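Presented below is the structure to which this report refers.
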Amino acid sequence: MAKYNTSQKNKVFKKLRKINIVTEKDILNLKVSELKKIKQLEENPNLSINDLEIIWLIQEAIENKNLLEFMLND
């Protein structure tokens with residue numbers, strides 16, 4: 001599994017925020033159809049494989065109750 005830096009993680013959080021995914025519950029309940037909304041954004045419409053992996057890792061960190069640790073580790 002690739003290691004991601006804080007900047008990459010923050011970019012994913014910003015993309016999620018733009019489609020109104022703002023809470024841990026929202027992230028855990030995220031559906032592919034919601035991710036398609038990112039393509040509709042005017043700026044930076046791409047969602048890369050790395051972004052998807054980061055979202056998966058964020059979900060895993062939330063489930064394991066160590067989101068802060070995940071965000072602080074580069």
### Query
Just the accessible area per residue of the chain, please: how many Å² with a 1.4 Å probe?
73
### Degrees separating the helix 49-63 axis from the principal Cα axis of the chain, which is the longest one
50
### Task
Can you pull the one-decimal nm distance between simple spin-label points at VAL32 and ASP74, each 7 Å off the Cα toward Cβ?
3.5
### Stretch gain in nm, segment LYS3-ILE19, where the contour uses 0.36 nm per residue and the Cα spacing is subtracted
3.3 nm
### Message
Could you compute how fast the chain diffuses translationally, taking Rh as the Kirkwood radius over C-alpha pairs and applying Stokes-Einstein at 37 °C with viscosity 0.692 mPa s? Give it in µm² per second.
### Response
262
### Query
In the structure displayed, which of LYS3/LYS39; LYS11/LYS36; LYS14/LYS39; LYS11/LYS39 lie more than 19 Å apart, Cα to Cα?
LYS3/LYS39
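The values are calculated or read from the model by the stated rules, or taken from the named source; none is laboratory data. It should be emphasised that the depicted structure is a prediction, and the values quoted were computed from it without experimental measurement. Neighbour counts run over all protein chains shown; Cβ positions are idealised from the backbone, glycine included. These accessible areas exclude ligands, DNA and RNA; they are computed on the full protein's heavy atoms, side chains included. Shrake-Rupley method; radii C 1.70, N 1.55, O 1.52, S 1.80 Å.
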